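Reviewing the structure listed below.
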Amino acid sequence: MKKITLFLFAIAFCWNASFASFFIDLPPDVKEKAEYVPPVVSYGGGFSFAYYLGAVDIALDGTLRYRLLENHALNAFTSIGLSEHVYELGMDWHWLFSDDDYLGLGVSGLVFEKEDSWEKAPRISLSYGRDILPWKKAHFAFRTAIRLSYLIGESLGREQEYLTKTAQTVIHGSVTILFF
């Protein structure tokens with residue numbers, strides 16, 4: 001009796017599993033149609049490196065991106081300088097020309113310490129970035145970006161003995177982890 005019960009149980013399991021597509025594999029053309037759908041909202045943080053006047057400044061970054069249309073997104077960001085007292089808050093418009101790559105135009109405000117006083121200056125920037133998924137259907141991504149920015153008005157400075165060098169153009173590199 002036990003053998004018949006086990007045999008019937010095995011048949012019922014195989015019959016149910018085959019109807020549930022457990023043993024049936026999808027054709028390759030159907031698998032390929034399941035495309036990656038980019039997230040509407042993504043947020044995260046990371047590090048950035050700003051190079052100007054022959055030295056590198058390191059900062060902590062935060063970002064929040066909202067996808068407006070298929071190829072456009074707004075990105076709010078903040079940066080807190082670790083090696084220099086430079087703080088930034090701004091907004092970028094991203095044009096996503098592929099699933100992974102974007103070009104950005106940004107406007108931000110900068111607060112920094114220069115010659116023992118706090119200065120404020122607006123900044124405009126142009127950026128290129130890439131979002132890298134570690135695997136398909138991952139719930140996080142890595143973003144690498146490079147940004148060229150120009151300060152309007154006041155300039156950043158580095159104090160040396162008897163001399164203060166100033167710069168208005170800065171190149172940034174950043175690495176961020178994004179969650180969605």
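Scanning segment 41-91 for residues that are touching a residue at least 60 places away in the same chain (Cβ under 8 Å) and of a type in the set (A, V, I, L, M), which turns out farthest from residue 118 (Cα to Cα)?
My answer is 41.
Among the residues of segment 134-149, write down those that are surrounded by 20 or more Cβ atoms within 10 Å (Cβ to Cβ) and out of contact with any His (no Cβ under 7 Å at 6 or more places or on another chain).
141, 143, 145
Find the residue count for segment 81-91, including only residues that are modelled with pLDDT under 95 and assigned to a strand (DSSP E or B).
Summing the residues that are modelled with pLDDT under 95 and assigned to a strand (DSSP E or B) in segment 81-91 gives 4.
Any residue that is farther than 19 Å from residue 63 by Cα and either surrounded by 13 or more Cβ atoms within 10 Å (Cβ to Cβ) or touching a Gly at 6+ places or on another chain (Cβ under 9 Å) (or both) - is there at least one of those in segment 89-101?
No.
Which condition does residue 63 not pass, out of (1) among the β-branched types (Val, Ile, Thr); (2) modelled with pLDDT of 95 or more; (3) surrounded by fewer than 18 Cβ atoms within 10 Å (Cβ to Cβ), if it passes all the others?
Of (1) among the β-branched types (Val, Ile, Thr); (2) modelled with pLDDT of 95 or more; (3) surrounded by fewer than 18 Cβ atoms within 10 Å (Cβ to Cβ), only one is false for residue 63: (3).
The values are calculated or read from the model by the stated rules, or taken from the named source; none is laboratory data. Treat the numbers as computed from the prediction; the structure is a model and nothing was measured. Neighbour counts run over all protein chains shown; Cβ positions are idealised from the backbone, glycine included.
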